[in-house]
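Chemist: One structure follows; several queries about it will come next.
The values are calculated or read from the model by the stated rules, or taken from the named source; none is laboratory data. These figures come from a predicted structure and were not determined experimentally. Please note: Cβ atoms are built from the backbone with ideal geometry, for glycine as well, and neighbour counts cover all protein chains shown. We work out accessible area using only protein heavy atoms, side chains counted, and drop any ligands, DNA or RNA first. Shrake-Rupley method; radii C 1.70, N 1.55, O 1.52, S 1.80 Å.
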Amino acid sequence: MIIDDSKTIRRTAEALLQKEGCEVITAVDGFDALSKIVESNPDIIFVDIMMPRLDGYQTCSMVKNHPEYAQKPVIMLSSKDGLFDKARGRIVGSNEYLTKPFSKEDLFATISRYR
């Protein structure tokens, strides 16, 4: 699952993943994502930090605090590469932090760590 308010990021990641045979679910923000997570039970969740309505930290926290999804890998996506952002992501339960723009290699290396 790719959760990002940027249509470009969603489409790019979706195209890369589908080319490799992955089934991809996208969401425009945390609210949109929560119902889709329940419906589709994705294997891994990539979530942008800065989004309207429900940001990536809040979304990650809600996923990780739900007993059914607590073990689901959540990867934070951000254009910021700051220590504070990474630490805050860890506090809410994210498994990793991927800086945008990310390469195809970065994306697949991250996925392979959780298969």
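Chemist: Restricting the search to the range 19-32, which residues are free of Cβ contacts under 8 Å to residues at least 12 places away in the same chain and either open to solvent by 100 Å² or more (accessible area, probe 1.4 Å) or closer than 11 Å to ASP4 by Cα (or both)?
Modeler: Answer for the range 19-32, where residues must be free of Cβ contacts under 8 Å to residues at least 12 places away in the same chain and either open to solvent by 100 Å² or more (accessible area, probe 1.4 Å) or closer than 11 Å to ASP4 by Cα (or both): LYS19, GLU23.
Chemist: What is the number of the single condition among (1) part of a helix (DSSP H, G or I); (2) free of Cβ contacts under 8 Å to residues at least 12 places away in the same chain that ILE37 does not meet?
Modeler: (2)
Chemist: Might you let me know whether the range 33-55 holds any residue that is within 18 Å of ARG115 (Cα to Cα), open to solvent by 70 Å² or more (accessible area, probe 1.4 Å) and in contact with a helix residue (DSSP H, G or I) (Cβ under 9 Å, 6 or more places away or on another chain)?
Modeler: yes
Chemist: Do you know which of the residues in the range 92-101 that are touching a helix residue (DSSP H, G or I) at 6+ places or on another chain (Cβ under 8 Å) and either among the aromatic types (Phe, Trp, Tyr) or not in a strand (DSSP E or B) (or both) is least open to solvent (accessible area, probe 1.4 Å)?
Modeler: SER94
Chemist: I'd like to verify a number: residues in the range 13-32 that are within 14 Å of the chain's Cα centre (by Cα) and either over 22 Å from ARG113 (Cβ atoms) or outside any loop (DSSP other than H, G, I, E, B) (or both), how many?
Modeler: So in the range 13-32, the residues within 14 Å of the chain's Cα centre (by Cα) come out as 13-14, 17, 24-32.
Subset that is either over 22 Å from ARG113 (Cβ atoms) or outside any loop (DSSP other than H, G, I, E, B) (or both): 13-14, 17, 26-32.
So the count comes out to 10.
Chemist: So, in the range 40-61, how many residues would count as being more than 10 Å from the chain's Cα centre (by Cα) and in a helix (DSSP H, G or I)?
Modeler: Filtering the range 40-61 down to residues more than 10 Å from the chain's Cα centre (by Cα) leaves 40-43, 50-55, 57-58, 61.
The next check asks that each one be in a helix (DSSP H, G or I); those that pass are 40, 57-58, 61.
Residues flagged as more than 10 Å from the chain's Cα centre (by Cα) and in a helix (DSSP H, G or I) within the range 40-61 amount to 4.
Chemist: Looking only at residues in the range 62-91 that are within 17 Å of ASP43 (Cα to Cα) and not in a loop (DSSP other than H, G, I, E, B), which one is most open to solvent (accessible area, probe 1.4 Å)?
Modeler: MET62
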